[in-house]
1. So, with a 1.4 angstrom probe, what is the percent of accessible area on the chain that is carbon and sulfur?
2. What spacing in nm lies between the two simple spin-label points modelled at MET64 and GLU19, each 7 Å away from Cα in the Cβ direction?
3. Report the one residue of ALA34, SER22, THR4 whose Cα lies farthest in the direction of the positive end of the charge dipole of the chain (charges on C-beta: Lys and Arg +1, Asp and Glu -1; origin at the Cα centre).
4. Per residue, how large is the accessible surface of the chain? Use a 1.4 angstrom probe and give square angstrom.
5. What are the lysines whose alpha-carbon lies under 18 Å from the alpha-carbon of LYS6, with same-chain residues fewer than 8 places away excluded?
6. Aspartates and glutamates near LYS28 by alpha-carbon distance under 15 Å, same-chain residues fewer than 8 away left out - which ones?
7. Given [x] -0.29, -0.98, -1.08, -1.49; [y] -0.46, -1.11, -1.16, -1.31; [z] -0.65, -0.93, -0.95, -1.04, which label gives log10 I(q)/I(0) by the Debye sum over Cα atoms at q = 0.13, 0.23, 0.24, 0.28 Å⁻¹ as computed from the coordinates?
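The values are calculated or read from the model by the stated rules, or taken from the named source; none is laboratory data. These numbers come from a predicted model, not from an experiment. Methodologically, a virtual Cβ is constructed for each residue, glycine included, from the backbone with ideal geometry; neighbour enumeration extends over all protein chains shown. SASA here: full protein model, heavy atoms, side chains in, ligands and nucleic acids out. Shrake-Rupley method; radii C 1.70, N 1.55, O 1.52, S 1.80 Å.
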Amino acid sequence: MSETNKTAFQAGQTTGKAEEKSNVLLDKAKDAAAGAGTAAQQAGKSISDAAAGGVNFVKEKTGMNK
């Protein structure tokens with residue numbers, strides 16, 4: 001194998017490794033974003049449930065629930 005071919009082969013290997021690392025990082029970023037989205041949805045539901053509970057409490061105490 002000539003020196004030029006060896007260098008080209010090594011450059012190709014390096015490029016492949018860099019692409020694989022990039023794909024792994026992108027997958028991790030996607031997973032993190034999906035997890036954050038799920039957490040935000042759950043937090044929103046908790047806030048909504050708490051607000052609804054507060055409204056019902058006020059209705060009961062003021063007699064508006066009848």
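1. Heavy-atom surface of the chain belonging to carbon and sulfur, 1.4 Å probe: 59 percent.
2. Distance between label points: 6.3 nm.
3. Toward the positive end, the furthest listed residue is ALA34.
4. Spelled out: the 1.4 Å probe surface of the chain, per residue, equals 86 Å².
5. LYS17
6. Result set, ordered by chain and number: GLU19, GLU20.
7. [z]
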